[in-house]
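Structure first, commentary second.
The values are calculated or read from the model by the stated rules, or taken from the named source; none is laboratory data. Remember, it's a predicted structure, so these values are computed and weren't measured experimentally. All Cβ positions, glycine included, derive from the backbone under ideal geometry; neighbour counts span all protein chains shown. In case anyone asks, the SASA skips ligands and DNA or RNA and just uses the protein heavy atoms, side chains included. Shrake-Rupley method; radii C 1.70, N 1.55, O 1.52, S 1.80 Å.
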Amino acid sequence: TYVVLKVQNLKSTTIDRKGSEPCWEQDFMFEICADGRGFIIELWKKGLLWDSILGVLWIPLATVEHATDEGPGSWWTLHSEVIKNGSEIQGTKTPTSHEILLDVYFALPF
């Protein structure tokens with residue numbers, strides 16, 4: 001499995017990990033505009049011919065707190081559907097059985 005993170009016009013992907021409880025421990029840092037609505041986390045299963053999505057999560061930027069260092073993180077339930085208003089993502093729905101542990105924060109200057 002691997003994770004894809006999308007925010008505004010940026011996208012990053014973790015390396016592929018095997019097993020039922022993969023651990024990436026990978027940091028992503030993006031410099032983004034303050035007017036962004038949110039970002040998407042996708043969990044994918046690597047396939048022989050094509051990859052399949054296991055779940056998706058939309059996190060509104062307005063809910064992300066500021067911090068100077070990493071925290072313990074929070075468990076988030078992934079969903080199977082994306083809610084859109086036109087082409088703009090507004091959320092996700094229909095929970096799956098998959099969860100992901102994320103530590104999400106705006107980094108403050110040192």
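Counting only residues that are under 15 Å from the mean Cα position of the chain (by Cα), of a type in the set (A, V, I, L, M, F, W, C) and open to solvent by less than 80 Å² (accessible area, probe 1.4 Å), segment 65-101 holds 5 of them. Would you check if there is a residue in segment 82-93 being in a strand (DSSP E or B), in contact with a strand residue (DSSP E or B) (Cβ under 9 Å, 6 or more places away or on another chain), within 14 Å of Y2 (Cα to Cα) and not hydroxyl-bearing (S, T, Y)? No, that holds for no residue.
For the residues V3, V7, the requirement of being surrounded by 15 or more Cβ atoms within 10 Å (Cβ to Cβ), touching a residue at least 12 places away in the same chain (Cβ under 8 Å) and more than 20 Å from T94 (Cα to Cα) singles out V7.
All of (1) surrounded by 12 or more Cβ atoms within 10 Å (Cβ to Cβ); (2) touching a His at 6+ places or on another chain (Cβ under 7 Å) hold for L108 with one exception: (1).
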